[in-house]
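Asker: Encoded as structure tokens, here's the structure I'll be asking about.
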Amino acid sequence: MPRPKVYVTRIIPEPGLSMIKECCDVEIHNSKEWPPSREELIEKVRDKDGLLCLLTDKIDAEVMDAAPNLKVISTYSVGFDHIDIKEATKRGIYVTHTPGVLTDAVAEFTVGLIFAITRRILEADKIIRSGEWNKPWNPFFLVGPELKGKTVGIVGFGRIGVAVAKRLSSFGVKMLYYDISRRWDIESILDVEYADLERILKESDIVTLHVPLTKGTYHLIGEKELKMMKETAYLINTARGPVVDTEALVKALKEKWIAGAALDVFEQEPLPADHPLTKLDNVILTPHIASATIEARRRMAELAAKNLIAVLKGEMPPALVNKEVLKVRPLEQVKMI
Ligand code: DGY
């Protein structure tokens with residue numbers, strides 16, 4: 001049997017690439033920073049059996065139509081909103097992702113953002129660098145709310161939401177969570193209370209978002225929801241930009257409907273330097289780096305490679321997104337290795 005042909009849309013950390021090269025003929029878009037253009041992507045997948053892509057590559061029906069041999073799309077991300085899952089399933093293409101391996105990294109970063117925004121850490125750093133720390137110590141300078149005793153609302157209680165709750169449980173906060181399904185298993189081990197979104201928005205001092213981007217979560221937080229939040233509350237988003245209506249958020253921050261926000265993801269990425277959000281003092285902005293630990297990024301590469309190889313071996317991949325595909329094209333029919 002010929003070796004499977006695989007296209008990798010970016011240089012990814014080792015050992016991911018070497019693992020794939022061992023059993024497949026790999027063509028790689030040779031850049032750590034830039035994705036292939038749409039034209040290049042479509043051209044390169046034409047004769048490929050496998051595709052390893054990033055969240056910056058839009059994989060839709062047009063891409064899949066260009067690749068009649070495609071058996072597996074392995075994304076180097078836990079989120080898969082950049083892939084048309086329905087179209088993939090229809091064509092018998094396996095879609096895999098990288099859950100679990102970045103949970104700790106994202107949860108740690110989320111907690112970091114909570115402290116950074118409430119305790120005004122970036123603002124404080126800026127004040128020193130700009131020479132504005134020119135008065136003696138005083139009791140009112142750069143004060144912010146203490147976390148202990150506050151209510152944190154966790155919207156989306158999957159792996160990452162739960163990992164955030166586990167970390168926050170040592171800070172003496174009250175925790176409310178919302179998810180489409182109730183997590184009795186977690187409620188029995190963590191002091192968390194199930195609440196609907198409205199109650200979370202109305203009662204929380206910090207609202208942190210951990211839902212995937214779907215049709216149902218697009219603009220989940222808009223003007224109406226922001227208006228429900230307390231004037232003293234903070235919004236944290238490390239999920240996906242489009243979960244929040246940016247225009248409404250800018251208005252909320254400008255008009256002080258809420259106290260502040262810490263955002264790692266945006267509707268438009270990269271966020272332009274002159275975006276209205278960058279003009280506001282009550283917001284912290286980071287460039288989609290919540291999973292950016294050396295360990296998580298290496299594990300993501302490893303899992304993305306394992307997923308891809310497993311499908312081409314006709315084996316169950318560790319993290320399959322579209323389970324229905326098993327009925328459309330059973331694994332033995334995609335086996336090449
Ligand atoms: C993901 O994996 O979906 C993150 O957004 C980037 O690690």
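Asker: Taking the options 184, 257, name whichever one is free of Cβ contacts under 8 Å to residues at least 24 places away in the same chain and aromatic (Phe, Trp, Tyr).
Answerer: 184
Asker: Do we have residue 75 as under 23 Å from residue 268 (Cα atoms), hydroxyl-bearing (Ser, Thr, Tyr) and surrounded by 17 or more Cβ atoms within 10 Å (Cβ to Cβ) here?
Answerer: yes
Asker: State which residue is nearest to residue 220 (Cα to Cα) when the search covers only the stretch 131-174 and only residues that are outside any loop (DSSP other than H, G, I, E, B) and of a type in the set (Lys, Arg).
Answerer: Per the stated criteria, the residue is 159.
Asker: Another question, then. Pairs under 8 Å by beta carbon, first residue outside the structural domain of residue 239 (by TED's automatic domain parsing) and small (Gly, Ala, Ser) in the stretch 71-88, partner within 11 Å of the ligand (Cβ to nearest atom) and in a helix (DSSP H, G or I), six or more apart or different chains?
Answerer: The qualifying pairs are 74/304; 77/300.
Asker: One residue is enough: does the stretch 309-319 have a residue meeting the conditions out of contact with any Pro (no Cβ under 7 Å at 6 or more places or on another chain), within 16 Å of the ligand (Cβ to nearest atom) and not assigned by TED's automatic domain parsing to the domain that holds residue 196?
Answerer: Checked against the condition, which is being out of contact with any Pro (no Cβ under 7 Å at 6 or more places or on another chain), within 16 Å of the ligand (Cβ to nearest atom) and not assigned by TED's automatic domain parsing to the domain that holds residue 196, the stretch 309-319 yields at least one hit.
Asker: Tell me, yes or no, whether the stretch 110-122 has at least one residue that is within 16 Å of the ligand (Cβ to nearest atom), closer than 30 Å to residue 76 by Cβ and in a loop (DSSP other than H, G, I, E, B).
Answerer: There is no residue in the stretch 110-122 that is within 16 Å of the ligand (Cβ to nearest atom), closer than 30 Å to residue 76 by Cβ and in a loop (DSSP other than H, G, I, E, B).
Asker: Check the stretch 324-333 and report whether any residue there is within 16 Å of the ligand (Cβ to nearest atom) and either surrounded by 18 or more Cβ atoms within 10 Å (Cβ to Cβ) or assigned by TED's automatic domain parsing to the domain that holds residue 208 (or both).
Answerer: No, that holds for no residue.
Asker: Identify the single condition in (1) assigned to a loop (DSSP other than H, G, I, E, B); (2) more than 24 Å from the chain's Cα centre (by Cα) that residue 318 does not satisfy, given that it satisfies every other one.
Answerer: Of (1) assigned to a loop (DSSP other than H, G, I, E, B); (2) more than 24 Å from the chain's Cα centre (by Cα), only one is false for residue 318: (2).
Asker: Just to verify a result, which residue in the stretch 221-260, among those that are within 16 Å of the ligand (Cβ to nearest atom) and aliphatic (A, V, I, L, M), is nearest to residue 118 (Cα to Cα)?
Answerer: Out of the qualifying residues, it is 236.
Asker: Can you confirm whether residue 323 is out of contact with any His (no Cβ under 8 Å at 6 or more places or on another chain), within 30 Å of residue 4 (Cβ to Cβ), of a type in the set (Lys, Arg) and in contact (Cβ under 8 Å) with a residue 12 or more places away in the chain?
Answerer: No: the conditions fail for residue 323.
Asker: With the condition kept exactly as written, say whether any residue in the stretch 147-154 is modelled with pLDDT of 95 or more, over 28 Å from residue 16 (Cβ atoms) and exposed (fewer than 12 other Cβ atoms within 10 Å of the Cβ).
Answerer: Taking every residue of the stretch 147-154 in turn, at least one turns out to be modelled with pLDDT of 95 or more, over 28 Å from residue 16 (Cβ atoms) and exposed (fewer than 12 other Cβ atoms within 10 Å of the Cβ).
Asker: Looking at the structure I just gave you, is residue 205 closer than 22 Å to residue 107 by Cα, out of contact with any Leu (no Cβ under 7 Å at 6 or more places or on another chain), assigned by TED's automatic domain parsing to the domain that holds residue 108 and touching a residue at least 60 places away in the same chain (Cβ under 8 Å)?
Answerer: So residue 205 passes the test.
Asker: Can you name every residue in the stretch 86-107 that is more than 13 Å from the ligand (Cβ to nearest atom) and either assigned to a helix (DSSP H, G or I) or in contact with a His (Cβ under 6 Å, 6 or more places away or on another chain) (or both)?
Answerer: Result: 86, 87, 88, 89, 90.
Asker: Hey, another quick one. Looking only at the stretch 132-149, decide whether some residue is over 24 Å from residue 226 (Cα atoms), out of contact with any Gly (no Cβ under 8 Å at 6 or more places or on another chain) and basic (Lys, Arg).
Answerer: Taking every residue of the stretch 132-149 in turn, at least one turns out to be over 24 Å from residue 226 (Cα atoms), out of contact with any Gly (no Cβ under 8 Å at 6 or more places or on another chain) and basic (Lys, Arg).
The values are calculated or read from the model by the stated rules, or taken from the named source; none is laboratory data. Because the structure is predicted, anything quoted here is derived from the model rather than measured. Every residue, glycine among them, receives a Cβ derived from its backbone with ideal geometry; neighbour counts consider all protein chains shown.
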